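Below is one structure; the comments refer to it alone.
Read-outs: derived from the displayed coordinates by stated rules, not from any lab. All values reported here derive from a predicted model rather than from experimental measurement. Using ideal geometry, Cβ is built from the backbone for each residue, glycine included, and neighbour counts are taken over all protein chains shown.
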Amino acid sequence: MLQHVNKVVILGGGSAGWMTAAAISKVFGNKLDLTLIESEAVGTVSVGEATIPQISLFNNLLGLDENEFVKKTKGTFKLGIEFANWKEKGHSYMHPFGTFGTNMDAIQFHHYWLKMFLKGDAPDLTKYSLLCQAAYKGKFCRPQAIKNSPLSSIPYAFHFDATLYAKYLREFAEARGAKRIEGKVQDVFTRSSDGFIDSLLLEDGQRINADLFIDCSGFKGLLIEQTLKTGYEDWGHWLPCDRAVAMPCKAAKENYPYTVSTAQDAGWTWRIPLQHRVGNGYVYPSRFVSDEQALETLKGQMENEPLNKPNFLKWQTGRRKQMWNKNCIAIGLSAGFIEPLESTGLHLIQTAISRLMGFFPHQGFNQVDIDVFNKQTQLEMEQIRDFIILHYKLTDREDTEFWRYVKNMDVPKGLEEKLALYATNGRIFRQDNELFDETSWLAVMHGQGLRPEGYHPLVDTFEEAEVERRLKHIESVIAKSVDTMPTQQSFIDQYCAAMAD
């Protein structure tokens, strides 16, 4: 009989460490020994304040009360992301979480809309999105039990304070048996027989052993890279932004339920509204922008005086060549980093945890489990990478060296195919249940100016007058539905307002 893994050590706290600890403690309870090691002196990145709707799956797995979670993290709701100045200066569009319109006779809605739009007989795509219209009007509500109504399906995510989220999950995990050790790792011991990690020596002399080690030590990858020499695949030629500076400020205007990403001369700035402040940051490429220039650009974008000193971050876009190596699994920044543009950081933590649960090992550590885990993680990260590259590649901007570079760079083959498929007949194909669905690809490709030559031929089996009637009906239903929704602020005031500090 294969022996069970009895002891797990997580190195590093922050969102990655405490999300992992919370999930393991919830699923296993006291059936295994779980220890998390972190150091207050090291600190965490803790700027990942925007999420995508899949975060609700993780919170539901833990059984969190959503209103309490929003209160504890001083959160707000998120219906999508607005992209300003990406196609060209002065232009903006929304990438919503929900669908556009409704499919007709098994053909995707956007093909019917495309026919009329290309003729100049239909408004822009956002008119057919409940979430776009609600976001721009500052409206929010949870899905309503109303049959055949767009209000019955409202995918949403959150903006929250990542430090408070980690603290919240720490309390959750410790209440279920997870142990926390304050300390820094001085040395890592491996077994001479197979190179597996045996134990960690802390600066205070404690030696901590385990069967499975989970590396949540951030960009440095203390176990996965510094100890096991796993190797790294660099994606900087496609995603040249390798720095960020973040600074919060007080809000100067009403907070609407969406993130704003504004393209700069090189890179982009974010605005993430929370209940108690606004998160601001500038993601930039060090080969085009100095740290000093970045800070000045960020300050120029902020609506109020900063609340904290600037937090500078450095990374190398890419991934580990293996996210699971021997008895070590990297989760979070230690596994790799794409960049924050579509708020996928916490999602990749979440899917890594889910994959860990699905492939949770025995002490024997079967290589086939490790290989499939790594293959699935690699595919997921590459699909997300291609979607992020899309935003840079598909631009009309040529006003700076940065935008000329990304517009004219070669892109991965999979992305080339996606662009060609849409450019000919408006087709969008979702491969292997990839994270970003047809709605997301449509929103960005159309938002950044790609116009297909045609549409699905089955659309022409409908009379144009019938297509026009249906489009107007959908537009009208969405507009009326948005009118019935409360503002986000009134919703928060009623259900999940955070306590004042």
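Distance cut-off 24 Å, Cα to Cα: go down the list 147/480; 220/393; 31/179; 74/167; 26/229; 179/314 and report the pairs above it.
Details: 147/480 15 Å; 220/393 29 Å; 31/179 14 Å; 74/167 12 Å; 26/229 32 Å; 179/314 30 Å.
Distance filter (> 24 Å) returns 220/393; 26/229; 179/314.
For the chain, build the charge dipole from Cβ charges (+1 Lys, Arg; -1 Asp, Glu) around the Cα centre, then report which of 476, 214, 495 sits farthest towards its positive end.
495
For the chain, what is the calculated [θ] at 222 nm in deg cm²/dmol (nearest 500), taking -39500 (n - 2.57) for each run of four or more DSSP H residues and dividing by its residue count?
Values: 14 runs with 174 residues, N = 501.
Here the helix-only value at 222 nm equals -11000 deg cm²/dmol.
Between residue 460 and residue 484, what is the label-point separation in nm under the 7 Å Cα-to-beta-carbon projection?
3.9 nm
Looking at the stretch 168-263, which GluC sites (Glu not before Pro) are in a loop (DSSP not H, G, I, E or B) and have at most 10 other Cβ atoms within 10 Å?
Listed in order of number, the matching sites are 254.
Quick check for me: using +1 on Lys/Arg Cβ and -1 on Asp/Glu Cβ, what's the dipole size of the chain about its Cα centre, in debye to the nearest 20? Each step should come with its number before you reach the end.
Values: 55 positive and 62 negative charges, 135 e Å.
Dipole magnitude for the chain comes out near 640 debye.
I'd like to know which of 140, 165, 205 lies farthest towards the positive end of the charge dipole of the stretch 137-217, counting +1 on Cβ of Lys and Arg and -1 on Cβ of Asp and Glu.
140
If I take R0 = 60 Å and measure r between the Cβ atoms of residue 107 and residue 303 in this structure, what FRET efficiency does the formula 1/(1 + (r/R0)^6) give, to the nearest 0.05?
My answer for the efficiency is 0.85.
Check cross-link reach from residue 7 to the aspartates and glutamates: straight Cα distance under 13 Å, and skip same-chain residues fewer than eight apart.
33, 198, 211
Name the long-range amide H neighbours of residue 336: under 5 Å, sequence gap of 5 or more, or other chain; modelled H, no Pro or chain starts.
Close amide H contacts, sequence-distant or interchain: 320.
Run the quick spin-label model on residue 148 and residue 360: label points 7 Å from Cα toward the beta carbon, then report their separation in nm to one decimal.
About 4.6 nm separates the two model spin labels.
Size of the dipole of the stretch 250-391 about the Cα centre, Lys and Arg at +1 and Asp and Glu at -1 on the beta carbon, nothing else charged, in debye to 20?
Values: 15 positive and 14 negative charges, 71 e Å.
Around 340 debye, computed over the stretch 250-391.
Please sort through the DSSP H helices of the chain and keep those with an alpha-carbon extent of at least 27 Å along the long axis and a Kyte-Doolittle average not below -1.0. List each step's numbers first, then the result.
Working: long enough: 367-393 (38 Å, -0.41); 464-484 (31 Å, -0.51).
Qualifying helices: 367-393, 464-484.
Setting aside same-chain residues fewer than 8 positions from residue 119, which lysines have a Cα under 25 Å from its Cα?
87, 127, 418, 472
How charged is the neighbourhood of residue 267? Take every other residue with its Cβ under 10 Å from the Cβ of residue 267, and add Lys/Arg as +1 and Asp/Glu as -1.
Numbers: positive: 243; negative: 242, 265, 339.
Value of the local net charge: -2.
Using a cut-off of 12 Å between beta-carbons, work out the net charge of the residues near residue 474 (Lys and Arg +1, Asp and Glu -1, residue 474 not included).
Computed value for this residue: +3.
Which of rounded, prolate or oblate describes the stretch 139-277 when judged by the alpha-carbon gyration tensor and an a/c cut-off of 1.5? Walk me through the numbers on the way to the answer.
Working: a/c = 2.25, a/b = 1.70, b/c = 1.32.
In terms of gyration-tensor shape, prolate.
Taking 0.36 nm per residue of separation and subtracting the Cα-Cα distance, what length does fully extending residue 416 through residue 119 add? Show your work: numbers first, answer last.
Values: separation 297, 0.36 × 297 = 106.92 nm, distance 2.67 nm.
Going from the current span to full extension adds 104.3 nm.
Using the Cα centre of the stretch 86-179 as the reference point, and only Cβ charges (+1 on K/R, -1 on D/E), how large is the resulting charge dipole? Debye, rounded to the nearest 20. Kindly include the intermediate steps, with their values, before the conclusion.
Details: 13 positive and 7 negative charges, 34 e Å.
Using only the charged Cβ atoms, the result is roughly 160 debye.
Please give me, ordered by residue number, the trypsin sites (Lys or Arg not before Pro) of the stretch 232-283 that lie in loop per DSSP and have at most 16 other Cβ atoms within 10 Å. Display every interim value, and only then the final one.
Values: sites: 243, 250, 253, 271, 277; in loops: 250, 253, 277.
Passing sites in the stretch 232-283 are 250, 253.
Assuming a ≥ b ≥ c are the square roots of the Cα gyration tensor eigenvalues, decide whether the stretch 94-145 counts as rounded (a/c under 1.5), prolate (otherwise, with a/b larger than b/c) or oblate. Before the final figure, lay out each step's value.
Values: a/c = 3.10, a/b = 1.55, b/c = 2.00.
Cα axes put the stretch 94-145 in the oblate bin.
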